[in-house]
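The values are calculated or read from the model by the stated rules, or taken from the named source; none is laboratory data. This is a predicted model, so every value here is computed, not measured. When we count neighbours, we look across all protein chains shown, and the Cβ atoms used for this are built from the backbone with ideal geometry, even at glycine. The area values use the complete protein model at the heavy-atom level, side chains included, leaving out ligands, DNA and RNA. Shrake-Rupley method; radii C 1.70, N 1.55, O 1.52, S 1.80 Å.
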Amino acid sequence: MPFRSYSSSLAAMTFSNSETMDLPQGDVRLLNTPTAQRLLTAPLVAHLAYTGKDRMPRLIPVNFLWTGDELVIGAFDGTYKIRDLRNHPEVAVCIDTADGPPQVLMLRGRVVMSEVDGVLPEYATIQRAGMGEEAANAYLRAIDQPGLRMVRIGLRPNWVAVLDFQQQRLPGRTPEPVRAALGADR
């Protein structure tokens, strides 16, 4: 399966998990941890939380591409999601694993959106990574019709948290008996 990431200056700054254990949740340098980099480049679905028109929370699954600096989501213009994000660009994103001890990356910030005519290049990359080259190319040809407008949703996180039950990076208020049972005091 193709890699979901472009090379960037951030990748060159990757730290070991032990070097970042003392970074507080919320510190954007947590993006440089091996756990965050693994989750950002794995073929996973992210969960995007935002505020709807009725001011009620929304949570939807989205495919994404990490460029090294920005989480990019492709969407079709005219959807409720785009309408809502234009009114309330503050979002939260969660990328996590479902097998074994959990690994979780949480991001917060304001999205920046830009419209494009035709298929968004990052959307095409995401589809090829998920569907394979041949199937994605057929799908992309089918949707790339006159009048197609897509929206590039970009998030440069201003708040980052990493939970890694494999590396014992647990939530700060995890009760001591739970930490001990998980071996976090070793």
Original post:
Out of the residues in region 80-134 that are open to solvent by 50 Å² or more (accessible area, probe 1.4 Å) and of a type in the set (Gly, Ala, Ser), which is nearest to ASN63 (Cα to Cα)?
Top reply: GLY130
Original post:
What do you reckon, is THR35 over 11 Å from the mean Cα position of the chain (by Cα), open to solvent by less than 10 Å² (accessible area, probe 1.4 Å) and within 17 Å of VAL160 (Cα to Cα)?
Top reply: yes
Subject >> Subset tally (residues that are within 12 Å of LEU48 (Cα to Cα) and among the aliphatic types (A, V, I, L, M)) for region 94-104 >> reply: 1
**OP:** Taking only region 14-32 into account, find how many residues are part of a helix (DSSP H, G or I) and either at pLDDT 95 or above or exposed (fewer than 15 other Cβ atoms within 10 Å of the Cβ) (or both).
**Re:** 7
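To keep it simple, each residue is scored yes or no on (1) in contact with a strand residue (DSSP E or B) (Cβ under 7 Å, 6 or more places away or on another chain); (2) closer than 26 Å to ASN32 by Cβ; (3) part of a strand (DSSP E or B); (4) at pLDDT 95 or above.
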site: GLU122; (1), (2), (3), (4): yes, yes, no, yes
site: GLU134; (1), (2), (3), (4): no, no, no, yes
site: ALA142; (1), (2), (3), (4): no, no, no, yes
site: GLY154; (1), (2), (3), (4): yes, yes, yes, yes
site: LEU163; (1), (2), (3), (4): yes, yes, yes, no
site: VAL178; (1), (2), (3), (4): no, no, no, no
